[in-house]
Amino acid sequence: MSTPPPLLTSMSPGENRRAPRAHVRSDAPRIQLDGSWRFSLAPRADDATDGFEAPGFDDDGWGTIEVPGHWQLQGHGRPAYTNVRYPFPVDPPFVPDENPTGEYRRTFELPGDWPDGDAVLRFLGVDSAFTVWLNGVELGWSTGSRLTAELDVGPHLRAGANVLAVRVHQWSPASYLEDQDMWWLSGLFRSVSVISRPAGSVDDVFVHADYDHTTGTGTLRVDTDVPALLTVPELGLEGVATPGPYVVPAVEPWSAEQPRLYDATLTAGGETITLRIGFRTVVVADGLLTVNGRRILFRGVNRHEWNPDRGRAVTAQDMLADVTLMKQHNINAVRTSHYPPHPDFLDLCDEYGLYVIDECDYETHGFLFADWMGNPSDDLRWRPALLDRMRRTVERDKNHPSVIMWSLGNEAGSGQNLPAMSAVAHERDPGRPVHYEGDWESSYVDVYSRMYPTHDEVDEIGRHAEPLTADPELDAHRRGLPFVLCEYGHAMGTGPGGLLEYQELFERYPRCQGGFIWEWIDHGIRQRTADGREFFAYGGDFGEPLHDGNFVADGLLFPDRRPSPGLVEYKAVIAPVRITVERGRVTVANLQDFADTSALRFTWSHEVEGVATQSGELVVPPVPAHGTTTVPLPTPAATAAESWLTVRAVLGQAAAWAPAGHEVAVGQYQVGTGPAWSVTGGTLSRDLFDPHAGLLTRLGGLPVDGPRLDLWRAPTDNDLGMAGTPVAPRWRELGLDRVTHRVVEQRWDADGFTLRTRVAPAATDLGLLATYRWSADGDALVLTVEVVPEGPWTDPIPRLGLRMALPAEISEVEWFGGGPGEAYADSARSAVVGRYRSSVDDLQTPYLRPQENGNRAGVRWAELRGSSGGVRVEGRPTVELTVRRWTSEDLDAAAHPTDLVPRDRVYVNLDLAQTGLGSASCGPGVLPQYELYASPATWTVRLVPLDASERS
Ligand code: GAL
């Protein structure tokens, strides 16, 4: 057996690489090596091809692969997903002999005018460990999948054809440092290029552009390794010498809200580097994280890079879409979980305005299962590799104004190498605080950070009243630090719930400076069923022996970047202005830290049952940051029908990220409640009811099953929760998914029909007595349901409602109530009372693992129609409405949306309530005020048959 190469046994980060430096745009000659390469995959490292690096090697029999890309997504091997667990034995630094090894070859032509001298071969991302040969000469090897690696190639370049060979191993000792919760995907997944380095040119540049908020002065210092000439036309700097400093009176500062950039160039040795400079100062002072002297509030998300077809080989369009969607949804911050993103993403953050916590490519969470024994964070032998990662992060990204904090990594336990990483960041860049959530005592970080704390804990921390830590000195230090939630609001499946209550805490306590939702996008992989229907795969779908299922699908965006209801809810919760509408006036609170409201236009409308009767523009003088203003609002008299005033803040002019008119925030006020129901009465026909079960069978000409009491919902990922005591298993234990209905009494009298049933699961004395009182109201039927629990009910229940079934031809729904999207008790900030229409199919939210979804809250009435008529349902008080072509049980049983087969019925739930959603898939459960318990309850619905011709 041959000796394994050093990159498969060594804890060192690499050999023969150039020193890390800033990623800049330059006009130096460059050869882009993206595109088609020759490729061969060996199942084991020792099956690698001898001599494949030789220029004359015959690769004609090899396949091809696209670079950038992952080989598992191009037909070689298969993706695999684990969250915390390493998919190989925890036996550091060793990795399995079955170590898929990809061999890449390509030829490139050196242009005739290519300058002599130095050149670098640059890899922006290679997962995981690779060795490089140019024209048969071994240049070196590197690890650090999401970090730039550069090698000197000048002396090895030849006129004409050059042959580049790269051998990439899926596993290496460095894999122990890269246990982020994501798909294991390998290969050259970011660009490869050769860049000329002209003699005397700037190799590395560090722009320091500070802003003094007390004077409005900017101070610019540009450190370069060789003297260079700096030009910043807007600042009147023309070919001035580096480094400065140059003091600029009255500079416009950069912030996420006002991302002012100054274009600059730097020339030396015939090369021109293009820079975009943003003046800003980040300081932790007096217990607050400040930008330009002001406390900021993170309205953030954690972003992994993802494309459902290309994995982490994201495109320029993906990055732009992410930034645009974030801005459109009021997001102002990104934590680059858990590695530095493609460098171009940070250019977009600079330009569009997003604060970035730039995280080092480091996580060792799987050592948890070894009781953290051997954790690299605490093993000095790994220190060079860890410091190398930190340096490469800081050096590559140090010139981005958007990057306001460095993060050492994620979930890498504790140990002496972490403070050493922090020291590297602080020494090289005193201008940015350091973050690491795993430093529970905050001894070597500048902000106190936690993931998934409960609301109560955040409240305590906000009051500086959190429990003492062991060391009083450290305790005092931590108690004086600003607090951020580097992860909260786990966006897996339906939800998250409870975001509004977090936001209230962030607004109440200066110390609580906001947080970052976990996470931005579902990492589903686009696949097709045998019959060609598209779905998004998650863990286990590729036959992995060890996997963590759909825990990889916990984003605010679906994999194809369609916003989920969770994102719409987050947008409403974190809106930068709060609009409070009252009779005769509207109050606008500007919750931004820098910008006034002059970018916004305010409109109002008066809607009667969701139909606008009057509307207009509101004149709101610009409200300064953190200011409030109240302006008069015409308030029409209450009408016979329910009426609302709706005030919207929209963009006055197009921004780079959204067109003029884009909605930023909404406020509503209920002007009139509408009339009480008047029931004219009538004779109820016995024929409408099943004589045995007492259930309605027909409404007008429409066959109907039910309605009858329903307690069950297909458990959401949050119901199945990882954290605390998950509710769904308890629900099943209680039998709420299999209740039976026993008729207690059927009674006909002058008022109509009364059915009493006892609804209960087997094997328990728990039950609900349900009394259904039916009466006629002309053609319509009125049903009052009264529920009385029997027995010791102690747990929250999924829902208390009525389920009925209508013919499958029902295809359209129009309703007056909350909308347009899905809403649940604890995620209803985004629901606006109005009149909406949707097809039945579009009412479904296609979570990657089917579960309860698509609820519309606060529904006053809904009309459900098919080609030959339909039904109008009205609720008193309101009802929660779901309409779907399958049952809750079907949803429960399905693994992917493609498993859901439409039945010959449309199932309609008219619920009094559902329990909230919470965030227990990785965080706290439902807040007490949103839990639904079995308790005496009454609600009324009216069912009106609709002819095919009728429209409201
Ligand atoms: C956190 C972790 C994330 C992700 C999340 C659950 O503990 O930092 O990477 O795994 O949990 O989705």
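The values are calculated or read from the model by the stated rules, or taken from the named source; none is laboratory data. The model shown is predicted, which means the values in this text are computed figures rather than measured ones. A quick note on method: Cβ atoms are made from the backbone with ideal geometry, for glycine too, and the neighbour counts reach across all protein chains shown. Only protein heavy atoms, including side chains, enter the accessible area calculation; ligands, DNA and RNA are left aside. Shrake-Rupley method; radii C 1.70, N 1.55, O 1.52, S 1.80 Å.
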Review point. Only one of Gly35, Gly51 is on the phi > 0 side of the Ramachandran plot, free of Cβ contacts under 8 Å to residues at least 12 places away in the same chain and open to solvent by less than 40 Å² (accessible area, probe 1.4 Å); which?
Key: Gly51
Exercise for review: Would you check which residues across the range 541-574 are within 16 Å of the ligand (Cβ to nearest atom) and at positive phi and list them?
Suggested key: Gly549
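Please go through the range 260-296 and give me each residue that is of a type in the set (Phe, Trp, Tyr) and either under 14 Å from Val403 (Cα atoms) or surrounded by fewer than 17 Cβ atoms within 10 Å (Cβ to Cβ) (or both), ordered by number.
Within the range 260-296, Phe279 is the sole residue that qualifies.
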Point to revise | Index of the failed condition, Gly61 passing every other in (1) surrounded by 14 or more Cβ atoms within 10 Å (Cβ to Cβ); (2) not in a helix (DSSP H, G or I) | key: (1)
Review point. Looking at Asp179, is it open to solvent by 10 Å² or more (accessible area, probe 1.4 Å) and of a type in the set (D, E, K, R)?
Key: no
**Study point:** Unique match (being of a type outside the set (D, E, K, R) and either without any contact (Cβ under 8 Å) to a residue 40 or more places away in the chain or open to solvent by less than 40 Å² (accessible area, probe 1.4 Å) (or both)) among Pro6, Pro111, Pro93
**Key:** Pro93
Check your understanding: Which of the strands (runs of 3 or more DSSP E) contained wholly in the range 626-724 include at least 2 residues that are buried (at least 17 other Cβ atoms within 10 Å of the Cβ)?
Key -> 643-651, 663-672, 705-710
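To keep it simple, each residue is scored yes or no on (1) under 30 Å from Glu663 (Cβ atoms); (2) among the hydroxyl-bearing types (Ser, Thr, Tyr); (3) touching a helix residue (DSSP H, G or I) at 6+ places or on another chain (Cβ under 6 Å).
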{"residue": "Met319", "(1), (2), (3)": "yes, no, yes"}
{"residue": "Ala333", "(1), (2), (3)": "yes, no, no"}
{"residue": "Pro340", "(1), (2), (3)": "no, no, yes"}
{"residue": "Tyr355", "(1), (2), (3)": "yes, yes, no"}
{"residue": "Ser377", "(1), (2), (3)": "no, yes, yes"}
{"residue": "Ala385", "(1), (2), (3)": "no, no, no"}
{"residue": "Lys398", "(1), (2), (3)": "no, no, no"}
{"residue": "Glu427", "(1), (2), (3)": "no, no, no"}
Study note, to complete from the structure: Of (1) modelled with pLDDT under 95; (2) touching a Ser or Thr at 6+ places or on another chain (Cβ under 6 Å), Pro496 satisfies every one except (1)
Point to revise | Residue check for Ser598: polar (S, T, N, Q) and farther than 23 Å from Glu822 by Cα | key: yes
Point to revise | Filter result for the condition that a residue is touching a strand residue (DSSP E or B) at 6+ places or on another chain (Cβ under 9 Å), over 29 Å from Ala22 (Cβ atoms) and assigned to a strand (DSSP E or B), over Glu150, Glu103 | key: Glu103
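Can you name every residue in the range 926-952 that is open to solvent by 40 Å² or more (accessible area, probe 1.4 Å) and under 28 Å from Pro761 (Cβ atoms)?
The first filter runs over the range 926-952 and keeps only residues open to solvent by 40 Å² or more (accessible area, probe 1.4 Å), leaving 928-931, 933, 935-936, 938, 942, 947-952.
Listed by number, the residues that qualify are Pro928, Gln929, Tyr930, Glu931, Tyr933, Ser935, Pro936, Thr938.
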Review point. Out of Arg78, Arg85, Arg122, which single residue is among the charged types (D, E, K, R) and part of a strand (DSSP E or B)?
Key: Arg122
**Study point:** Wholly enclosed helices (runs of 4 or more DSSP H) of the range 306-401 bearing at least 2 residues away from the ligand (no atom under 16 Å from the Cβ) and under 29 Å from Gln527 (Cβ atoms)
**Key:** 316-328, 343-352
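Quick one: which of Pro87, Pro100 is within 16 Å of the ligand (Cβ to nearest atom) and within 33 Å of the chain's Cα centre (by Cα)?
Pro87
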Revision key, fill the gap. Just one listed residue, out of Ala693, Ala638, Ala654, is free of Cβ contacts under 8 Å to residues at least 60 places away in the same chain, small (Gly, Ala, Ser) and under 30 Å from Tyr772 (Cα atoms), and it is Ala693
Exercise for review: Determine, yes or no, whether Asp548 is open to solvent by less than 20 Å² (accessible area, probe 1.4 Å) and touching a residue at least 60 places away in the same chain (Cβ under 8 Å).
Suggested key: no
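Given the structure, is Asp378 open to solvent by 30 Å² or more (accessible area, probe 1.4 Å), within 27 Å of the chain's Cα centre (by Cα) and outside the structural domain of Glu257 (by TED's automatic domain parsing)? I'd like the intermediate steps shown before the answer.
Working: open to solvent by 30 Å² or more (accessible area, probe 1.4 Å): yes; within 27 Å of the chain's Cα centre (by Cα): no; outside the structural domain of Glu257 (by TED's automatic domain parsing): yes.
Considered against the rule, which asks whether it is open to solvent by 30 Å² or more (accessible area, probe 1.4 Å), within 27 Å of the chain's Cα centre (by Cα) and outside the structural domain of Glu257 (by TED's automatic domain parsing), Asp378 comes out as no.
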